[in-house]
1. Considering only residues that are in contact (Cβ under 8 Å) with a residue 40 or more places away in the chain and part of a loop (DSSP other than H, G, I, E, B), look in region 80-91 and name the one that is nearest to the chain's Cα centre (by Cα).
2. Anything in region 76-91 that is closer than 20 Å to Ile58 by Cβ and of a type outside the set (Ser, Thr, Tyr)? List them, or say none.
3. Can you name every one of the strands (runs of 3 or more DSSP E) wholly within region 92-136 that holds 2 or more residues which are more than 24 Å from Leu57 (Cβ to Cβ) and assigned by TED's automatic domain parsing to the domain that holds Arg146?
4. Of all residues in region 138-180, count the ones that are among the hydrophobic types (A, V, I, L, M, F, W, C), under 23 Å from the mean Cα position of the chain (by Cα) and assigned to a strand (DSSP E or B).
5. Residue by residue through region 1-34, note down the ones that are basic (Lys, Arg) and touching a residue at least 60 places away in the same chain (Cβ under 8 Å).
6. Can you say whether Leu201 is touching a residue at least 60 places away in the same chain (Cβ under 8 Å), assigned to a loop (DSSP other than H, G, I, E, B) and more than 30 Å from Val130 (Cβ to Cβ), as far as the supplied structure shows?
7. Return yes when Leu8 is assigned to a helix (DSSP H, G or I) and loosely packed, with under 14 Cβ neighbours inside 10 Å and no when it is not.
Amino acid sequence: MRYISIILVLVMIAVWVASAGRFIISAARKKGVHRLTGIAGALLMAVGALGFFGTFLICMTDVLPTSFELPVGTASGVVTTDDGLYVVPLTAAGRIQVYDGGWKFIRGWHTEAPGGTFHLFVSDTNRIHVVTARRQMHYTYDVNGRLLGSESYSPKRSTDFPQQGTSQIAPTPIWLWPFTGPFFSWLTAVCGLGLLYMSGLFQPEFRKTDVLGKLFRR
């Protein structure tokens, strides 16, 4: 089932990227502001799709090395160790990332949350505890990402564990925000579709609607 899901996600990425390529070719045949708007819209659509589906692909495949940093943007459930390290849960990607007190990336690793939510808490020995909603698992890591323990916490509930997380905004370049989570990925894609609509490229029936031409004629 997991491999089928991976294949479906890859197909969706291919479809969106191919569609963006077709829009770029069509936009290149236009002139002036319509060309620029069409190309920009197609690129935003592709970036949004890559951010959205790429996140799920990362969650399912665990292909990233510990030295690779995913953009964080706004994060909830961030915990702090006694040494002042920030530990950030990226629930959509099924990943944990550790930063120093100045938000400099140190390392990250995958955690088995099966695509569901999870929250973190830290013990006084700087152990990082991960409590998953799906499969009701409790994992324990050290700050280097080494798995120290794994057990089911059933019949307890995830809310029975300490709730230490806070919301934080990690320094993230603006061009990376589309890759910080599903919301910003879809927002980017929708903005791209809006530009394509304005350029008359979004759907065949819209090609007779010159939105930009009407705006500029005013």
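1. Checked region 80-91; the qualifying residue nearest to the chain's Cα centre (by Cα) is Leu85.
2. The answer is Gly77, Val78, Val87, Val88, Pro89, Leu90.
3. Working: elements: 95-99, 105-110, 118-122, 128-132.
Here the list reads 118-122, 128-132.
4. Final tally of qualifying residues: 1.
5. Within region 1-34, Lys30 is the sole residue that qualifies.
6. yes
7. yes
Matching residues to (1) among the hydrophobic types (A, V, I, L, M, F, W, C); (2) surrounded by 15 or more Cβ atoms within 10 Å (Cβ to Cβ):
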| position | (1), (2) |
| --- | --- |
| Pro71 | no, yes |
| Asp83 | no, no |
| Pro89 | no, yes |
| Trp103 | yes, no |
| Phe121 | yes, yes |
| Ile128 | yes, yes |
| Gln136 | no, yes |
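The values are calculated or read from the model by the stated rules, or taken from the named source; none is laboratory data. Computed from a predicted model, the values in this text were never measured in an experiment. Backbone-built Cβ (ideal geometry, glycine too); neighbour counts: all protein chains shown.
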